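Visitor: Sharing a structure here in structure tokens format.
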Amino acid sequence: MAFSANPLSLSVPEPAFETWLRDSGYLEIVDQRTSDLHRLSSTSAAAATSSSSSAAAPSTTASSAISNGFFVSFFSNVGTLLSLFTFNPFSKLAPSDFSGDTPSWTLKFFGSCESYSFPSSPAQARLRVHENVKRYARNYASLFILIFACSLYQMPLALVGLLSCLALWDLLKLCGGRFGLDQYPTTKLILICIAQCATAAILFSSNVHSAFLCAVGVSYAVMILHASFRKLTPSKQSTQRDGNKRVIIK
């Protein structure tokens, strides 16, 4: 009789254990574990460097080792930041992520100072970005709307052009309902084509596309930085499981 492997067993391989944690919804444990392993490796590397430099005795060797360690850490952090722009952060995003309730801005989205840390590796940054984009999709969408509104406020001509386009389409809809354009599909199609050309001309002449591209760039940078620095918190799924376990135990 074959028995399935126990994921809580000490003999389970590390990749299998991490996979089980990911599938069970305990990604915050994987995130914390990655940070702890990086901190331990950095501490052991620094201790080895200091011991080798102290064994060598000259002060120049110790100072060069410290400077080398600083540059290695600096370029490693820069590489981690650059890796954030080499993958698609929306690859795991689903339409259902926008249908739920908006997470709390103070407690969940921003959190406290302890809720942020520099990602120790590109893998950890990728894990955080993918999960945080799914969890805070509605918050990021609200931020984009706010940034786009601020950019339109700084560009009054673009704001006037956007309002003119909205008024144009509302006027077309009103005329269609009053004059019964549904009975004349050819005339309605011609008017829609004229409205589309007029909309494109108004948007291009009023620089609405510049405001839109500026809002997209700023909101994307804010989203990437927040999602990569924000530590993973227990998901709703794992919280419900823990609550059910407590109820069963009681």
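The values are calculated or read from the model by the stated rules, or taken from the named source; none is laboratory data. On a predicted model such as this, the values are computed, not experimentally measured, just so you know. For neighbour counting, all protein chains shown are included, and Cβ atoms are generated from backbone atoms with ideal geometry for every residue, glycine included.
Visitor: Select from segment 151-162 the residues that are part of a helix (DSSP H, G or I) and surrounded by 13 or more Cβ atoms within 10 Å (Cβ to Cβ) and write down the one among them that is nearest to the chain's Cα centre (by Cα). Break it down into steps so the answer makes sense when it comes.
Guide: As a first pass, look at segment 151-162 and keep what is part of a helix (DSSP H, G or I): 151-154, 156-162.
Okay, now just the ones that are also surrounded by 13 or more Cβ atoms within 10 Å (Cβ to Cβ), so 151-152, 157-162.
Values: 151: 22, 152: 24, 157: 32, 158: 28, 159: 28, 160: 32, 161: 31, 162: 28 Å.
In this case the residue turns out to be 151.
Visitor: Please indicate, with yes or no, whether at least one residue in segment 82-92 is surrounded by 15 or more Cβ atoms within 10 Å (Cβ to Cβ), under 17 Å from residue 226 (Cβ atoms) and modelled with pLDDT under 85.
Guide: First, the residues of segment 82-92 that are surrounded by 15 or more Cβ atoms within 10 Å (Cβ to Cβ): 83-84, 89.
Subsequent filtering for residues that are under 17 Å from residue 226 (Cβ atoms) retains 83-84, 89.
After this cut, where a residue has to be modelled with pLDDT under 85 as well, the list is 83-84.
Checked segment 82-92: at least one residue is surrounded by 15 or more Cβ atoms within 10 Å (Cβ to Cβ), under 17 Å from residue 226 (Cβ atoms) and modelled with pLDDT under 85.
Visitor: Looking at the structure I just gave you, is residue 148 part of a loop (DSSP other than H, G, I, E, B), closer than 30 Å to residue 211 by Cα and either in contact with a Phe, Trp or Tyr (Cβ under 6 Å, 6 or more places away or on another chain) or modelled with pLDDT of 80 or more (or both)? Before the answer, list the steps.
Guide: Details: part of a loop (DSSP other than H, G, I, E, B): no; closer than 30 Å to residue 211 by Cα: yes; either in contact with a Phe, Trp or Tyr (Cβ under 6 Å, 6 or more places away or on another chain) or modelled with pLDDT of 80 or more (or both): yes.
Taking the combined requirement at face value, the residue does not satisfy it.
Visitor: Another one. Condition check: out of contact with any Phe, Trp or Tyr (no Cβ under 6 Å at 6 or more places or on another chain), in a helix (DSSP H, G or I), without any contact (Cβ under 8 Å) to a residue 24 or more places away in the chain and hydrophobic (A, V, I, L, M, F, W, C). Does residue 214 satisfy that? Write out each step before concluding.
Guide: Values: out of contact with any Phe, Trp or Tyr (no Cβ under 6 Å at 6 or more places or on another chain): yes; in a helix (DSSP H, G or I): yes; without any contact (Cβ under 8 Å) to a residue 24 or more places away in the chain: no; hydrophobic (A, V, I, L, M, F, W, C): yes.
In short, no.
Visitor: I've got another one for you. Is one or more of the residues making up segment 208-230 in contact with a Gly (Cβ under 7 Å, 6 or more places away or on another chain) and β-branched (Val, Ile, Thr)?
Guide: Within segment 208-230, one or more residues are in contact with a Gly (Cβ under 7 Å, 6 or more places away or on another chain) and β-branched (Val, Ile, Thr).
Visitor: Which of (1) surrounded by 13 or more Cβ atoms within 10 Å (Cβ to Cβ); (2) polar (S, T, N, Q); (3) under 30 Å from residue 202 (Cβ atoms) does residue 115 not meet, given it meets every other one?
Guide: It is condition (3) that residue 115 fails.
Visitor: Cβ-Cβ distance below 8 Å, separation of 6 or more or different chains: which pairs start in segment 177-194 with a residue that is free of Cβ contacts under 8 Å to residues at least 60 places away in the same chain and end on one that is surrounded by 12 or more Cβ atoms within 10 Å (Cβ to Cβ) and charged (D, E, K, R)?
Guide: So the pair list comes out as 181/188; 182/188.
Visitor: Moving to a separate point now. Going through 230, 241 one at a time, which residue ends up being modelled with pLDDT of 85 or more, charged (D, E, K, R) and either surrounded by 13 or more Cβ atoms within 10 Å (Cβ to Cβ) or closer than 30 Å to residue 170 by Cα (or both)?
Guide: Details: 241 fails: modelled with pLDDT of 85 or more.
None of the other options fit; the residue is 230.
Visitor: Mind checking whether some residue in segment 172-182 is touching a helix residue (DSSP H, G or I) at 6+ places or on another chain (Cβ under 8 Å), surrounded by 14 or more Cβ atoms within 10 Å (Cβ to Cβ), modelled with pLDDT of 85 or more and not in a helix (DSSP H, G or I)?
Guide: So the first thing to find is which residues in segment 172-182 are touching a helix residue (DSSP H, G or I) at 6+ places or on another chain (Cβ under 8 Å), and the list is 172, 175-176, 181-182.
So of that shortlist, the ones also surrounded by 14 or more Cβ atoms within 10 Å (Cβ to Cβ) come out as 172, 176, 181.
If we keep only those that are modelled with pLDDT of 85 or more as well, we get 172.
From what is left, the residues that are not in a helix (DSSP H, G or I) are none.
Among the residues of segment 172-182, not one is touching a helix residue (DSSP H, G or I) at 6+ places or on another chain (Cβ under 8 Å), surrounded by 14 or more Cβ atoms within 10 Å (Cβ to Cβ), modelled with pLDDT of 85 or more and not in a helix (DSSP H, G or I), which makes the answer no.
Visitor: Further question: If you go through segment 118-141 one residue at a time, do you hit one that is in a helix (DSSP H, G or I), polar (S, T, N, Q) and surrounded by fewer than 16 Cβ atoms within 10 Å (Cβ to Cβ)?
Guide: No - not one qualifying residue is present in segment 118-141.
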